[in-house]
Amino acid sequence: MNISPLQKARYSYVPKLPEGISGSIDDIAVEKGCPTESISDKEEIRKIFKNTYGKPLVTFKKAENQNNTQIHRELKVGVILSGGQAPGGHNVIAGLFDGLKKGNPNSTLYGFKGGPGGLTDNKTIVLTEEIINEYRNTGGFDIIGSGRTKIESDEQFAASLETAKKLNLDAVVVIGGDDSNTNAALLAEYFLANGSNTQVIGCPKTIDGDLKNEHIETSFGFDTACKTYSEVIGNLCRDTNSAKKYWHFIKLMGRSASHIALECALQTQPNICLISEEVEAEAMSLDQIVEQICTSIVKRADNGDNFGVVLIPEGLVEFIPEIKKLIIELNDSMADGADEFAKLTEFCEQTNWLSKKLTSASFEIFKSLPADIAGQFLMDRDPHGNVQVSRIETEKLLLGMVEKKLSILKEAKKYNGKFSALTHFFGYEGRCAFPSNFDSDYCYSLGYSAFVLISCGLTGYLSSVKNLTAPAAKWTAGGVPLTMMMNLEQRHGSKKPVIKKALVELDGKPFKSFAEKRVTWAEKTCFLFPGAIQYFGPTEVCDAPTITLKLEKEV
């Protein structure tokens, strides 16, 4: 196999473990807390999860002579990579594998190929030391592949149970985001309700950073993705500051939350960073957003600075109230009249059809959009019938509107600068990067902790590693009951139990720190240049967590 010098060097990196699960596995003690409750809708969630609700928080401590015979059982475990890729996924599997083999060399780890569909269809590969060693400390999910199949029908749950029986599985580990781990919780409940002893453990993955709470301080991959994007943003900041021209409009991943945009802003100090949650809270219109950007451009031009950087969250359009209303009406209209709409091939025909379906206010908004952008709102829906926001070029929409506004200001002699701009979308570039030391350590610890949870006979838990701003040895490993993070949300016309997404908190320290400085950034050039992820060198450089995490953990 051909490998790069960096990949070869990363193979030799030995991830650090929290003290509570490092060293001899015979010295791992399990400390259980009080019974837990869901974050809301307690009675309804309790009824859905009759067998798994109310479990205690679990923490692993170091204590000698535990005489823990369970940890040496021969186990058969299956692992699933679910949803979009995130740096460090391979290390979760490596940590799980090493834990299983340390407990009992005869234990078996199956990889379900292609995501949750691999479980329902019983498509597996036995993961060996040789295979695992090819993927340690590397990015991507290519060891077994991923998928977005949702296990939600009676047939799918029954097929999953049948696979567990055929393989005689002791446990299934689901590596995924909030939806995937909601699935894990339902699977754990289903197995118990149907007399199966197969345990289900989750691991918190998503570069978007929206799977976090008091006990899950960050989802894995967020650190690496933000550092990857920030490096390129910093490069653009330095380039535009060198050439003294070009405004860069940069869209960043993050449909449901703006954590990536906020972290990248803290790392690079752009002139403008839009935060979707603030836009929604302030009920900002598209025109107001454009006005905010133009105000910065005009002020900087007055200082002789005809250049800058604007960061835009991927999901921004769904947080602008007037656009959100338009999207809802489009989704409903196109779903109700799907056959009729499918026959319309020309944009003018589609527009005419929509004029009779949308409210007058929404239709006026739709007409005001550039034709190419408006067309993107009409593209094929996702499996849930929703617009595919990532395909809407919000950065180009804002740029076009800014150009029009600046022309008006120039005619009114309120702006006399020069404006040239470029657009970018940084998304997939960050999903499979070589994981940072932080993510390498964190992911390995999550996988190893998942093994300990399994060996303790626990099910319906999310692997947890806390105290992440401390050195890795001081991290605390354990497990959080999945039902503890649940609430009910409207999905497909009915209330469904789901893990609640964590949005940017406008009263939280990361946003407040950003808000305190952005007025200065909007007018002055204050760019920071974080540079590439460092894997070798001083601990304070190589092992540092995100600025967001450090601010959140400040006393």
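The values are calculated or read from the model by the stated rules, or taken from the named source; none is laboratory data. In this text, all values refer to a predicted model and were calculated from it rather than measured experimentally. Note that each Cβ is placed from the backbone with ideal geometry, even for glycine, and that neighbours are counted across all protein chains shown. Heads up: the accessible areas ignore ligands, DNA and RNA and are worked out on the full protein's heavy atoms, side chains in. Shrake-Rupley method; radii C 1.70, N 1.55, O 1.52, S 1.80 Å.
Only bridges with both residues in the chain count here: give the DSSP antiparallel percent, nearest 5.
On the way: 23 of 57 bridges.
In the chain, DSSP labels about 40 percent of beta bridges as antiparallel.
Do any GluC sites (Glu not before Pro) in the range 421-518 lie in a DSSP loop with no more than 16 other beta carbon atoms within 10 Å, and if so, which?
Values: sites: 429, 489, 505, 516; in loops: 505.
Listed in order of number, the matching sites are 505.
Give me log10 I(q)/I(0) at q = 0.12 Å⁻¹ for the range 122-206, Debye formula, one equal scatterer per alpha-carbon, no solvent.
-0.40
How large a share of the accessible area of the chain, in percent, is made up of carbon and sulfur atoms when the probe is 1.4 Å and the other protein chains stay in place? Spell out each step's value before the answer.
Details: 11370 of 23210 Å².
With neighbouring chains kept in place, the figure for the chain is 49 percent.
Just for the Cα atoms in the range 494-555, what are the lengths along the principal axes, largest first, rounded to whole Å?
50, 36, 26 Å, listed from the longest principal axis down.
Which three extents, in whole angstrom, do the alpha-carbon atoms of the range 1-113 cover along their principal axes, largest first?
Taking max minus min along each principal axis of the Cα atoms, the range 1-113 gives 56, 41, 25 Å.
Accessible area per residue, 1.4 Å probe, Å², for the range 197-300: what's the number? Present the calculation step by step, with values, prior to reporting the outcome.
On the way: 2760 Å² over 104 residues.
With all protein chains present, the range 197-300 gives 27 Å² per residue.
Going down the list 227/474; 50/550; 251/413; 55/123; 325/413; 123/251, which pairs span over 27 Å between their C-alpha atoms? Each step should come with its number before you reach the end.
Values: 227/474 23 Å; 50/550 38 Å; 251/413 31 Å; 55/123 32 Å; 325/413 35 Å; 123/251 37 Å.
Checking Cα-Cα distances, 50/550; 251/413; 55/123; 325/413; 123/251 exceed 27 Å.
Net charge near residue 320: determine it from the other residues with C-beta under 11 Å of the C-beta of residue 320, scoring Lys and Arg +1 and Asp and Glu -1. Walk me through the numbers on the way to the answer.
Numbers: positive: 324, 325; negative: 280, 282, 287, 318, 322.
Spelling it out: positives minus negatives among the neighbours equals -3.
Under a Cβ-Cβ cut-off of 10 Å, what is the net charge of the residues other than residue 546 that fall near it, where Lys and Arg count +1 and Asp and Glu count -1?
For residues surrounding residue 546, the net value is -1.
Cα atoms only: what Rg and Dmax, in Å, come out for the chain?
Gyration radius and largest Cα-Cα distance of the chain: 24.8, 82 Å.
Per the Cauchy relation, a quarter of the hull surface: what is the mean projected area of the convex hull of the alpha carbons in the range 325-402, in nm²?
Values: hull surface 20.2 nm².
Here the figure is 5.0 nm², rounded to one decimal.
Going through the DSSP H helices of the chain, which span 30 Å or more along their own axis at the Cα atoms while scoring at least -1.0 as a mean Kyte-Doolittle hydropathy? Mind dumping the intermediate values first?
On the way: long enough: 222-243 (31 Å, -0.34).
For the chain, where a helix must reach 30 Å along its axis and average at least -1.0, the hits are 222-243.
Show that you can apply the helix-only estimate: for the chain, add -39,500 (n - 2.57) for every DSSP H stretch of four or more residues, divide by all residues, and state [θ] at 222 nm to the nearest 500.
On the way: 21 runs with 231 residues, N = 555.
Counting only the DSSP helices, I get -12500 deg cm²/dmol.
Write down the Å³ per residue value for the convex hull defined by the alpha carbon atoms of the range 425-555. Don't jump to the answer; show the numbers that get you there.
Working: hull volume 26.7 nm³, N = 131.
Expressed per residue, the convex hull around the Cα atoms of the range 425-555 is 204 Å³.
At 1.4 Å probe radius, can you tell me the per residue accessible area of the range 362-516 in Å²? Intermediate results must be reported in sequence, preceding the final value.
Values: 6440 Å² over 155 residues.
Using a 1.4 Å probe on heavy atoms only, each residue of the range 362-516 averages 42 Å².
For the range 16-89, what is the accessible area per residue in Å² when the probe is 1.4 Å?
Details: 3660 Å² over 74 residues.
That works out to 49 Å² per residue.
When only DSSP loop residues count, what GluC sites (Glu not before Pro) in the range 232-290 have their Cβ near at most 14 other Cβ atoms within 10 Å? Before the final figure, lay out each step's value.
Values: sites: 263, 277, 278, 280, 282; in loops: 282.
Hits after loop and neighbour filter: 282.
For the pair residue 526 and residue 467, what calculated FRET efficiency results from E = 1/(1 + (r/R0)^6), where r is the Cβ-Cβ distance and R0 = 41 Å, to the nearest 0.05?
Values: r = 32 Å, r/R0 = 0.78.
For residue 467 and residue 526, the calculated efficiency is 0.80.
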